[in-house]
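Quick notes on the structure that follows.
The values are calculated or read from the model by the stated rules, or taken from the named source; none is laboratory data. The shown structure was predicted, so the numbers you read here are calculated from the model rather than taken from an experiment. Every residue, glycine as well, gets a Cβ built from its backbone with ideal geometry; the counts of neighbours run over all protein chains shown. All accessible areas refer to the heavy atoms of the entire protein, side chains included, with ligands and DNA or RNA removed. Shrake-Rupley method; radii C 1.70, N 1.55, O 1.52, S 1.80 Å.
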Amino acid sequence: MYGTDPVRDEDDKKLRYLSEIRSKAMEALKREARRIEKSSEHGDKVEATVHVVHGNPKEAITRAAEYHKVGMIIVGRRTLSRWQKIFTESVSSAIIEHTTIPVLIVH
């Protein structure tokens with residue numbers, strides 16, 4: 001008896017969905033990088049590159065930045081509750097603590 005494998009079909013759907021999200025994210029990031037390059041206030045050349053990494057963001061961002069020898073890491077900040085701040089380390093705090101590369105945190 002032959003038929004489709006429901007587990008494999010579900011896995012294929014997840015992979016297509018993740019691939020679609022990654023593509024949309026890359027396009028959005030590339031648009032933003034182009035906007036940053038064009039908006040230099042004093043005519044200074046600003047070069048922005050986009051890297052997508054996978055894994056624990058606290059480790060993966062730092063590792064990728066050091067590998068690519070970037071001049072600055074720019075990360076977003078999320079608002080944590082008082083209790084969350086006590087019991088969890090934010091990604092931006094972890095990056096600052098684990099790299100010598102300048103870090104800009106955007107709120």
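For this structure, a couple of remarks:
- Among the candidates Ala48, Ala64, the residue that is at pLDDT 90 or above, under 28 Å from Thr100 (Cα atoms) and either open to solvent by less than 90 Å² (accessible area, probe 1.4 Å) or out of contact with any Pro (no Cβ under 9 Å at 6 or more places or on another chain) (or both) is uniquely Ala64.
- Taken together, the criteria exclude Val7 from residues that are open to solvent by less than 60 Å² (accessible area, probe 1.4 Å) and modelled with pLDDT under 80.
- Considering residues of the range 67-107 that are assigned to a loop (DSSP other than H, G, I, E, B), more than 23 Å from Ile36 (Cα to Cα) and modelled with pLDDT under 85 only, the residue farthest from the chain's Cα centre (by Cα): Ser81
- Hits in the range 17-65 (condition: basic (Lys, Arg) and either part of a loop (DSSP other than H, G, I, E, B) or within 18 Å of Leu104 (Cβ to Cβ) (or both)): Arg35, Lys45, Lys58
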